[in-house]
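Here's the structure we're looking at; comments come further down.
What follows is calculated from the coordinates using simple rules that are stated; it is not laboratory data. Quick caveat: nothing in here was measured; it's all calculated off a predicted structure. Don't worry about glycine lacking a Cβ; one is built from the backbone with ideal geometry, like all the others, and counts go over all protein chains shown.
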Amino acid sequence: MSIDKLPVIDIAPLYGNDPDASLAVANAIDAACREWGFFYITGHPISRERMSSLLDTAKDFFARPDTEKLAIDITQSAHHRGYGAIATEQLDPSKPSDLKETFDMGFHMPAEHPEVLAGKPLRGPNRHPDIAGWKDLMETHYVDMHELAKTLLRSMTIALGIERDFFDTRFEEPISVFRMIHYPPRHTATSADQQGAGAHTDYGCITLLYQDQAGGLQVQNINGEWIDAPPIADSFVVNLGDMMARWSNDRYKSTPHRVISPLGVDRYSMPFFAEPHPDTEISCLPGCSDANNPPKYPSTTSAAYLLSRFADTYAYRREEA
């Protein structure tokens, strides 16, 4: 195992008809999940043209006046959708608030949906800016990333010893989030300690990250050292979140990572945070504990865990709580 370079896994066999090749990919993903909690994937079906369109769209949106972006201010959203201004988040409580601005969307539920009318947390309509073509692009990409996440999760069921459709059934009407992020150049920071994204672990199940060519993502290795996770063309960086660590009783790692804002250039990234239906129970899987390794975490639900983490990260969520 290398401790200074993340694994790169070609997942194309997961879309083919060769069970041995698919099993080899599943084994490689299992090893990466146990050793790193982070890996790159190539051979996925998301086109270069799609990502190029999204990148152009992100650059256009974040360059617009604050008044236009704040028309969908996330701090005014009851269900965490819309635009987050610079310093809205503080991922590392020991550092200043993050040097980034964001756009968040999720699984769209119209205002008249019973779960929305009932006031269920993290449920509601998406809040898109009034930009031609934006809504269709974003909603289509959300569906495609949801399917890609399910393909990866399905491959993990083999090593975890659970039913092939375990995650499929739990990811119906998910609370997954697609996010676009703009990191301004480092010289715009309010202090030398302000990072693009402070050190943190992700909250959900798995994250699939597109990053542009600016660099800046760093991952903590098993020795606690920060290593670079540089851009690789046509890839996604995949990492596990806290829910998967809890489900697997820490067999799979939820690894700390951070973003150091690059010098002299803007950075754009687009993570898809795959998170199950809000009522999904998150508790130790049957094959991930025994007498010598009892369950480490109490049972919780997807929504309850996410809301607890949001309260730690967003000042406006703490005020609501």
Next on the checklist: When you scan the range 284-307, do you find a residue that is of a type in the set (Phe, Trp, Tyr), in a helix (DSSP H, G or I) and under 26 Å from Ala31 (Cβ atoms), even just one?
Outcome noted: no
Checklist entry - Can you tell me how many residues in the range 241-273 are part of a strand (DSSP E or B) and farther than 28 Å from Ile86 by Cβ? => result 0
Checklist outcome for this item: So, first residue outside any loop (DSSP other than H, G, I, E, B) in the range 216-229, second residue hydrophobic (A, V, I, L, M, F, W, C) and surrounded by 19 or more Cβ atoms within 10 Å (Cβ to Cβ), Cβ within less than 6 Å, six or more apart or across chains; the pairs are Leu217/Ala229; Leu217/Val259; Val219/Phe38; Val219/Ala229; Ile227/Val219
Checklist entry - Looking at (1) assigned to a helix (DSSP H, G or I); (2) in contact with a Lys or Arg (Cβ under 6 Å, 6 or more places away or on another chain), which is the one condition that is false for Ile181? => result (1)
Checklist entry - With (1) crowded, with 22+ Cβ neighbours inside 10 Å; (2) out of contact with any Phe, Trp or Tyr (no Cβ under 8 Å at 6 or more places or on another chain); (3) over 20 Å from Glu35 (Cβ atoms) as the list, and Ala274 as the residue in question, which single condition is left unmet? => result (2)
Item to check | Neighbours by Cβ (under 8 Å, 6+ apart or cross-chain): first from the range 46-75, of a type in the set (D, E, K, R); second part of a helix (DSSP H, G or I) and surrounded by 13 or more Cβ atoms within 10 Å (Cβ to Cβ) | outcome: Arg50/His141; Arg50/Asp144; Lys69/Phe61; Lys69/Phe62
Next on the checklist: Against the conditions (1) under 22 Å from the mean Cα position of the chain (by Cα); (2) loosely packed, with under 15 Cβ neighbours inside 10 Å, where does Ile9 fall short? Just the number, please.
Outcome noted: (2)
Checklist outcome for this item: Sole miss for His44 among (1) surrounded by fewer than 19 Cβ atoms within 10 Å (Cβ to Cβ); (2) closer than 20 Å to Tyr268 by Cβ is condition (1)
Checklist entry - Does Leu208 satisfy being crowded, with 17+ Cβ neighbours inside 10 Å and either in a strand (DSSP E or B) or free of Cβ contacts under 8 Å to residues at least 60 places away in the same chain (or both)? => result yes
Checklist entry - How about the range 98-136: which of its residues are buried (at least 16 other Cβ atoms within 10 Å of the Cβ) and over 16 Å from His80 (Cα atoms)? => result Asp98, Leu99, Lys100
